[in-house]
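The values are calculated or read from the model by the stated rules, or taken from the named source; none is laboratory data. Being a predicted model, the structure only gives us computed values, none of them experimental. Counting neighbours? That spans all protein chains shown, and the Cβs are built from the backbone with ideal geometry, glycine included. Side chains included, ligands, DNA and RNA excluded: accessible areas come from the protein's heavy atoms. Shrake-Rupley method; radii C 1.70, N 1.55, O 1.52, S 1.80 Å.
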Amino acid sequence: MNNLKDAQSRVRTIDIVKRGLNKRYRKERWFRLFGCTAVIISLSFLSLLFISIISNGYTAFQQTMVRLDLFLDSKVIDKDDLAGADYSKLIHNALLSVFPDVTKHKDKHKLYGLVSISATYMLQDFVAKNRHEIGTTIQIWVPADDDVDMLMKGRIDRDKPESQRRINDQQLAWVDQLVRQGQIKKVFNITFFTAGDSREPELAGIWGAVCGSFYTLLVTLILSFPIGVSAAVYLEEFAPQNRWTDIIEVNINNLAAVPSIVFGLLGLAVFLNFFDLPRSVPLVGGLVLTLMTLPTIIISGRSTLKAVPPSIREASLGIGASKVQMVTHHVLPQAMPGMLTGTIIGMAQALGETAPLLMIGMVAFIVDIPAGFTDPSTVLPVQIYLWADSPERAFMEKTSAAIMVLLFFLMVMNAAAIVLRKIFEKKW
């Protein structure tokens with residue numbers, strides 16, 4: 001009888017254990033399902049973001065060009081005074097030769113608007129380099145106006161009523177005639193990568209903003225890396241553990257979480273108002289981004305130093321090295337790859353910042369390409385902000401294209417950080 005009761009008790013215990021295991025397995029399956037669902041949703045939103053940016057911006061890498069058959073009239077162009085020639089008249093005559101039935105002043109104005117205002121400067125440069133062509137007829141490709149460019153890229157719906165289009169029916173007919181005659185084509189948009197900002201969308205480029213970002217980040221790197229590494233080494237290896245170092249550590253951690261615009265306000269009050277440094281220059285932008293990046297570098301540097309095994313310190317001291325020699329010859333070289341990784345991540349964060357730079361005036365409209373740290377300039381995120389605020393449809397595609405370029409730089413910098421970590425990673 002007792003054996004039967006023991007057997008029934010064991011059976012009940014096994015059933016309870018099995019039910020518990022089944023319940024735990026079900027919870028584990030649900031947990032995995034929720035995790036996979038979260039990952040899929042995140043990737044879906046990320047894919048939607050990339051698809052939206054690429055679909056709106058890939059056309060910015062193409063530019064519509066118009067071929068003009070120009071007669072370089074020697075009566076209009078004086079070889080001794082090329083700058084004083086009326087090049088716009090030659091361009092207008094070339095357009096009128098294609099459309100001789102255009103006689104009204106209003107219609108002529110619309111016809112002349114099919115090509116960009118940069119055509120005049122391109123023709124002037126061509127004549128300056130080819131003086132021997134004066135008096136002959138040449139073929140030259142010039143940029144089309146931004147509205148024509150949008151039409152050729154399918155960004156303007158020609159089926160809409162005329163009142164809802166930036167191009168009227170007459171201009172549509174002119175463009176169609178140029179297409180039939182082979183006088184319009186799309187080419188790779190070199191201007192987008194080689195020019196600075198412009199009020200005309202077809203002339204605007206990102207090179208000025210890229211140079212401004214380069215100088216700004218260079219100042220940031222030169223200042224933040226040695227200061228951040230030195231602060232991390234001191235706090236981790238030399239600073240005594242007391243109330244003051246605790247306060248410093250708490251403040252560093254707090255600064256890493258401060259909104260970036262606060263650093264812009266600090267830069268405005270200190271660097272511009274107190275030290276009277278020039279506005280909208282990479283030097284001031286680099287100083288502001290240095291303040292923002294330092295906490296990140298210090299925190300990552302201290303974490304890397306803590307990961308170095310204590311046995312390395314003890315062995316170094318055991319063979320007679322001083323504490324400074326121990327840190328500089330043994331600990332710091334082992335921790336440097338991790339510090340470089342943290343620095344690159346901090347620089348990538350600084351590259352994408354906009355708010356602090358807006359506060360120090362780097363939102364100005366800058367046409368010229370900066371040649372140094374004290375030349376007026378803007379940066380790529382601010383350039384994107386300026387273009388996004390413009391009403392022209394052509395600036396919308398340039399905004400998306402500039403975002404693509406910025407994301408490319410960010411991915412390259414983060415990939416470099418991962419590669420460095422993998423190459424120099426040490427297993428203890």
Qualifying positions in region 114-144 - open to solvent by less than 30 Å² (accessible area, probe 1.4 Å) and either part of a loop (DSSP other than H, G, I, E, B) or within 30 Å of Pro391 (Cβ to Cβ) (or both): Leu114, Val115, Ser116, Ser118, Ala119, Leu123, Ile134, Val142, Pro143, Ala144
So which residues in region 281-323 are aliphatic (A, V, I, L, M), in a helix (DSSP H, G or I), open to solvent by less than 20 Å² (accessible area, probe 1.4 Å) and in contact with a Ser or Thr (Cβ under 7 Å, 6 or more places away or on another chain)? Leu289, Met292, Ile297
With respect to the numbered conditions (1) surrounded by 15 or more Cβ atoms within 10 Å (Cβ to Cβ); (2) part of a loop (DSSP other than H, G, I, E, B); (3) among the basic types (Lys, Arg), which one is the sole condition not fulfilled by Lys110? (2)
Residue among His92, His109 that alone is modelled with pLDDT of 90 or more and touching a Phe, Trp or Tyr at 6+ places or on another chain (Cβ under 6 Å): His92
Can you tell me which residue is least open to solvent (accessible area, probe 1.4 Å) among those in region 380-397 that are under 21 Å from Leu351 (Cα atoms) and of a type in the set (Phe, Trp, Tyr)? Trp387
Please work out which residue is farthest from Asp176 (Cα to Cα), limiting yourself to region 28-87 and to residues that are free of Cβ contacts under 8 Å to residues at least 24 places away in the same chain, open to solvent by 50 Å² or more (accessible area, probe 1.4 Å) and assigned to a loop (DSSP other than H, G, I, E, B). Asp80
Among the residues listed as Ser400, Ser377, the single one being open to solvent by less than 20 Å² (accessible area, probe 1.4 Å), outside any helix (DSSP H, G or I), closer than 21 Å to Ala195 by Cβ and touching a residue at least 40 places away in the same chain (Cβ under 8 Å): Ser377
Complete set of residues in region 359-372 that are of a type outside the set (D, E, K, R) and surrounded by fewer than 17 Cβ atoms within 10 Å (Cβ to Cβ): Ala364, Phe365, Val367, Ala371, Gly372
If a residue counts only when it is touching a residue at least 60 places away in the same chain (Cβ under 8 Å), which helices (runs of 4 or more DSSP H) contained entirely in region 177-280 have at least 1 such residues? 191-194, 207-233, 260-267
Within region 330-350, is even one residue surrounded by 21 or more Cβ atoms within 10 Å (Cβ to Cβ), among the β-branched types (Val, Ile, Thr) and either assigned to a loop (DSSP other than H, G, I, E, B) or in contact with a His (Cβ under 7 Å, 6 or more places away or on another chain) (or both)? no
